[in-house]
Structure formats: structure tokens, C-alpha cells
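The values are calculated or read from the model by the stated rules, or taken from the named source; none is laboratory data. On a predicted model such as this, the values are computed, not experimentally measured, just so you know. Because the Cβ atoms are built from the backbone with ideal geometry, glycine has one as well, and the counts that use them run over all protein chains shown. Note: areas computed on protein heavy atoms with side chains; ligands, DNA, RNA excluded. Shrake-Rupley method; radii C 1.70, N 1.55, O 1.52, S 1.80 Å.
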Amino acid sequence: MNILILGSGGREHSLAWAIKQNPKCDRLIAAPGNAGTAEIAECADLDIENGGAVAAFAEENAIDFVVIGPEAPLAAGVADRLRDAGLLCFGPSQAAAKLESSKSFTKEVCDACNAPTAGYAHFTDAEAAKAYIREQGAPIVVKADGLAAGKGVIVAMEEQDALDAIDDMFGGAFGGAGAEVVIEEFMEGEEASYFILSDGKNILPVGTAQDHKRVGDGDTGPNTGGMGAYSPAPVMTDAVTQKALDEIVQPTVDEMAKRGTPYLGVLYAGFMIKDGQPRLVEYNVRFGDPECQVLMMRLGGQVLDLLLACAKGELDKAQVNWADDHAMTVVMAANGYPGSYEKGSVIKGLDDQPENSLNMVFHAGTKEVDGQITANGGRVLNVTARGDTLAEARDRAYAMADAIDWPEGFYRKDIGWRAL
Ligand code: AMP
Ligand code: GLY
């Protein structure tokens, strides 16, 4: 079949890499893709948030299946437009994507299906929000309601920080995303992510992961999109995952179906786990980046069958074949990230890295210029490896990272420290 993957990050390179291994895949196109996807797929220059343009491109190229990577096209309704055109597509509708694009919507869904999550209140007025913060006291969490590229959450350990966050959000620091805020109870515990396919009715878990959001070793410094991840997450024991599915994920999927907006795609659930009890922190309506890279490394070519079963509403007939393995990815980022950084530096030594089912360097922000791979973003490479143990996966991943010659980049040296 002919398959189109929308997106240009490490997530989409890893999806392309896994899908390509499946014999059902004939032609693979990544739009817009990056220098890594260009090695295994055709790349197409396409406005991926324009549903009409994507549908027209898919029809012209006889595409049988579209996989949507990032949240922006989902929130823009690209999946709806593709389904209207009769195309098979992996990713939720605009209405179902509200589970990521509106935090107050998610809270309201949790209330409706009794899913454990942090207590909260929702405000459109700064003074009322501040009065609530003063009443509750710190620690407390302030969230811009809409999509804010992962930067709209302030975990305030002091009351003043929460009050300042209200001024920032209503002052327009996050554009329209901050016109409404959710204020939440601070939850203690250990965080982990769980990835679950949903075809609107049936669910199928495809793995757990933990990431490292802070830029520096020891989980210090500013937040980033993620500096590394590993799978599985030890805190997600069998008992915790069962509770998460029974008390949170399946009730959410049932509630969305009941509302006439069934959820079709991957649910990326973030949980806070304390004393064996998971509580929902948030949903995302896509695979995590870089969490996807470790999941793809573990799943390989079967991913295409799973995504197809999900898109066709046949997840009840699908199953995951697990090897009892571990995977880790280490993000190599441009010096300065998550602040300002330069583009265009040349990355050497990539050709010498092993590329097989145990080792893979996924590209994120890269661009080929005159036959050389150059940095073209903040997070640039995802050095990913698999092993029988997490320590083995880590050793393989760091051996690759150490051998890549890129003085203008850096990486954390302690990915997985909590689990190891
Ligand atoms: P979110 O974008 O909602 O995932 O929030 C970003 C991060 O903020 C989460 O991954 C948590 O580390 C933290 N966080 C969000 N909500 C809470 C909460 N209610 N209690 C404690 N930490 C939180
Ligand atoms: N790694 C965090 C995210 O994809 O949102």
C-alpha cells in the first residue's frame, strides 16, 4: 500500500522506519519529513495543517493510508477532512483532539466518567483566578487552557509564582491559549506515560515510557520538549497499568463515544503515580516525541498492522507481539536549546553508526545541504537503542552518541537514571 506520514520530527522518522519494515508498505511519503526520512521515504513539501491540500495530495498520489504525527494538524481538523474524502487515516477528529487542545475539556470529561485526576477550577477572569489561588495556597499548578507548545504549565511552589503566571497568561504570553486557565491541585508522585490505541470502542496498549523534560543532568534547568526517554517505565507495573486502563482510559474512550465524538488514534496519557494509584495529569492525542522513538524501536514493523487495525475499527482483532526488551533514546540538541541556538552546523560521523533493529539514529531537526547533514532545529538527533536490559540499551545508545562528531550540539549523560 501507499502510505503518507505527516510531520517532520524524530517521531515521524521513527514511525517511517517502523512502517517501512512491514511488507505491506510499498510506497512511503513523508510530508514535509527531514534528512532522516529522506533516506527511507520520498519527502513532499506540503502544508500539513491544510486538510484540503493534504486530501488533494493523497488522492493525486493514490495514498491508501495517512498517519498524522503532530497535534497541530489534528487540532486543525485534518483527520476529519481526510475521512470526508473517504481516505483511511490514523488520528483523531478535531472534536476528539480537544482532549489535548483544551485542558478544561479534558477535566470535564474526567469528571463525567469519574476518572481520578487533580482537583481543579477553571477561570476566564484574572481576579477570580487570583482569589482562588490565594484561597488554595501553594504548591499549585496553573495551566493555559489551549495548545501552548508544552510551555503553558506553571508548577508553582510559591503562591507568588502562581499569581505571576496568571498575569502572564491573561497578559497574552501564550496568545489565545491563555485566555482561559485551569488551576489544579499539585499532585505528588512519579510520572510516567502510557500509549494506548483506541478505535473509538476497543483499546490496545502499545507501551509505557518515561521522559526527561529538563535540559540538564540530574533533571535541572529549564523544561524542554524532552531530552531522552526509555521504555518500559518500571513504575507502570501490571497492577498500575490495569488500574489506569480500567479507571481512566477505557472510561474516557466510552465517554467520548457516548458524546458522539469517538476517539480514534493513539491516546498518550500522562499519569502521576503514588502508592500504586495512577491519576491523570494530561492527555495528548498523538505519540510523544521522543517517546515514540523508543516505542517504535521495540515494536518494529508490526506497527503498521496496529495503526491500520486502529483506523479500521478492528482493534479487538489486533494484538501486540512483545519481546521482553528495553529501549532508550538520547536527544542530541543544538547548543543553547531550549533558548536560542544556531542552525546550519555540520554533523559528522553519522554514516559510521550502526543501523539495525538494535541501533538507530532518528533525525529530528536536520537538513541535507550539499550532501552533508546539518542541524536545522533545537532537538536535532535521537540516538536510540534496544537491549535485553535498560543498561544494555543505554550503553548502546551512548556509544553512538559519543561517536557522533558535532561540537555545536550537546546531550544529557544521565538518561534513565531513575530506572537504572
Ligand atoms: P502537562 O502539559 O499538563 O503535562 O504539564 C506539564 C508537566 O507539569 C507535567 O508533565 C507534570 O510534570 C507537571 N504537572 C502538570 N499538572 C500537574 C499537577 N496537577 N501536579 C503536579 N505536577 C503537574
Ligand atoms: N515528550 C513530550 C511530548 O511529546 O509532548
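Here are a few things to note about the model shown:
- Approximate spin-label separation Glu59-Ala399, in nm, with each point projected 7 Å along Cα-to-Cβ: 5.2 nm
- Placing +1 on the Cβ of every Lys and Arg and -1 on the Cβ of every Asp and Glu, with no other charges, gives region 56-135 a dipole of roughly 280 debye about its Cα centre.
- Length-normalised contact order for region 163-313 - Cα pairs under 8 Å, 6+ apart - percent: 27 percent
- Ranking Thr224, Leu204, Ala148 by Cα position along the charge dipole of region 107-239, where only Lys, Arg, Asp and Glu carry charges on their C-beta atoms, puts Leu204 farthest toward the positive end.
- In a reduced charge model with +1 at each Lys and Arg Cβ and -1 at each Asp and Glu Cβ, the chain shows a dipole moment near 500 debye about its Cα centre.
- Förster radius 41 Å - calculated FRET efficiency between Asp167 and Ala323, Cβ distance, rounded to 0.05: 0.20
- Take every pair of alpha-carbon atoms less than 8 Å apart whose residues are at least six positions apart; their mean separation over the length of region 281-417 yields a relative contact order of 30 percent.
- Taking only protein heavy atoms and a 1.4 Å probe, the accessible area of region 139-219 is 48% carbon and sulfur.
- Share of pairwise Cα separations in the chain, more than 40 Å, in percent: 13 percent
- Solvent accessible area, Å² - Asp217, 1.4 Å probe, full protein context: 80 Å²
- With contributions of -39500 (n - 2.57) from each DSSP H run of at least four residues, the per-residue ellipticity at 222 nm computed over the chain stands at -8000 deg cm²/dmol.
- Shape descriptor for region 312-420: Rg over Rh equals 1.06 (Cα atoms; Rh from the Kirkwood inverse mean 1/r).
- Extension gain, Arg259 to Glu188, is 22.4 nm, computed as 0.36 nm per intervening residue step minus the present C-alpha separation.
- Magnitude of the charge dipole, region 179-289, Cβ model with Lys/Arg +1 and Asp/Glu -1, debye to 20: 360 debye
- Between Asp238 and Gln160, the distance separating the two model label sites (each 7 Å from Cα on the Cα→Cβ line) works out to 5.1 nm.
- Label-reachable residues, region 218-250, where backbone N falls under 15 Å from a point 7 Å from Gln277's Cα toward its Cβ: 240, 243-244, 247-248
- Kirkwood hydrodynamic radius over Cα pairs of region 1-145, then Stokes diffusion coefficient at 25 °C and 0.890 mPa s, in µm²/s: 141 µm²/s
- If you wrap the tightest convex hull around every Cα atom of region 194-309 and split its volume per residue, you get 109 Å³.
- Neighbour cut-off at most 12 other Cβ (10 Å), DSSP loop, chymotrypsin sites (Phe, Trp or Tyr not before Pro), region 309-412: Trp322
- Using the 1.4 Å probe convention, the accessible area of region 155-251 works out to 40 Å² per residue with neighbouring protein chains retained.
- Stokes-Einstein D in µm²/s, Kirkwood radius over Cα pairs - region 89-179 at 4 °C with 1.567 mPa s viscosity: 93 µm²/s
- Accessible area of region 1-83 divided out per residue, in Å², using a probe of 1.4 angstrom: 34 Å²
- Distance between the modelled labels on Glu368 and Thr124, one decimal in nanometres: 5.1 nm (7 Å Cα→Cβ projection).
- Across the chain, Cα pairs under 8 Å and at least six residues apart give a relative contact order of 17 percent.
- Between region 267-337 and region 1-40, the C-alpha centres lie 17 angstrom from each other.
- Of all accessible heavy-atom area on region 29-138, the percent that carbon and sulfur account for (1.4 Å): 44 percent
- Solvent accessible area, Å² - Ser102, 1.4 Å probe, full protein context: 10 Å²
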